[in-house]
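Beneath this line is the structure, given in structure tokens, with notes to follow.
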Amino acid sequence: MNLALCSMFCAQAAGIDKTIGEQVVMALMMMVSSKGIAGVRSANIVVLASIITQFDIPSWPVALILGVDWLSDMPRTFINVTGNCLAATVMAKLENEFRTDEWKQKRLVQEEETLDHIEKVSVSVRGSTA
């Protein structure tokens, strides 16, 4: 959606009028091209610059978007990462893989090993300072 709006902004900034059909095709092309770029910082600028040339839109208006893209890029990336984490958690819950007894047992063993290591280090530090 963001790429479709940015491409229409580039066309309007360059003074190019697009028909409704061209706008729909451009929006669909941008939606297909944007798959997988939400988690990559400022990747939409690269995709936008490469695709608008296919629709006879000059690439100079992308520089206008580049100046403010970082502001909207941060929440887009955050929302994408949060959504991916949530989806993974939901799927793990549905598959009964989320924090099983086996996972809890491994976690307890790791915590005990960490505490043992901390005790050994603190004893060796106390012994070396005495």
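The values are calculated or read from the model by the stated rules, or taken from the named source; none is laboratory data. Quick caveat, the model's predicted, so the values are computed rather than measured. Neighbour counts are summed over all protein chains in view; Cβ atoms, including those assigned to glycine, are modelled from backbone coordinates with ideal geometry.
If I filter segment 11-70 down to residues being among the charged types (D, E, K, R) and at pLDDT 90 or above, which single residue comes out as farthest from C85 (Cα to Cα)? Out of the qualifying residues, it is D17. Scanning segment 14-38 for residues that are surrounded by fewer than 12 Cβ atoms within 10 Å (Cβ to Cβ) and either in contact with a Phe, Trp or Tyr (Cβ under 8 Å, 6 or more places away or on another chain) or under 23 Å from D73 (Cα atoms) (or both) returns L28, V32, K35, G36. Determine whether S59 is under 29 Å from the mean Cα position of the chain (by Cα), part of a helix (DSSP H, G or I) and hydroxyl-bearing (S, T, Y). The answer is no for S59. Pull out all pairs, ordered by first then second residue, where Cβ-Cβ is under 8 Å, the residues are six or more apart or on different chains, the first lies in segment 1-20 and is touching a residue at least 12 places away in the same chain (Cβ under 8 Å) and among the basic types (K, R), and the second is surrounded by fewer than 16 Cβ atoms within 10 Å (Cβ to Cβ) and not in a helix (DSSP H, G or I). If the second residue must be surrounded by fewer than 16 Cβ atoms within 10 Å (Cβ to Cβ) and not in a helix (DSSP H, G or I), no pairs are left. When you check R126 against the structure, is it exposed (fewer than 10 other Cβ atoms within 10 Å of the Cβ) and modelled with pLDDT under 90, yes or no? It is true that R126 is exposed (fewer than 10 other Cβ atoms within 10 Å of the Cβ) and modelled with pLDDT under 90.
Set side by side, the residues A11, A49, A92 differ, and just one is among the small types (G, A, S), surrounded by 12 or more Cβ atoms within 10 Å (Cβ to Cβ), in a helix (DSSP H, G or I) and in contact with a helix residue (DSSP H, G or I) (Cβ under 7 Å, 6 or more places away or on another chain), which is A49.
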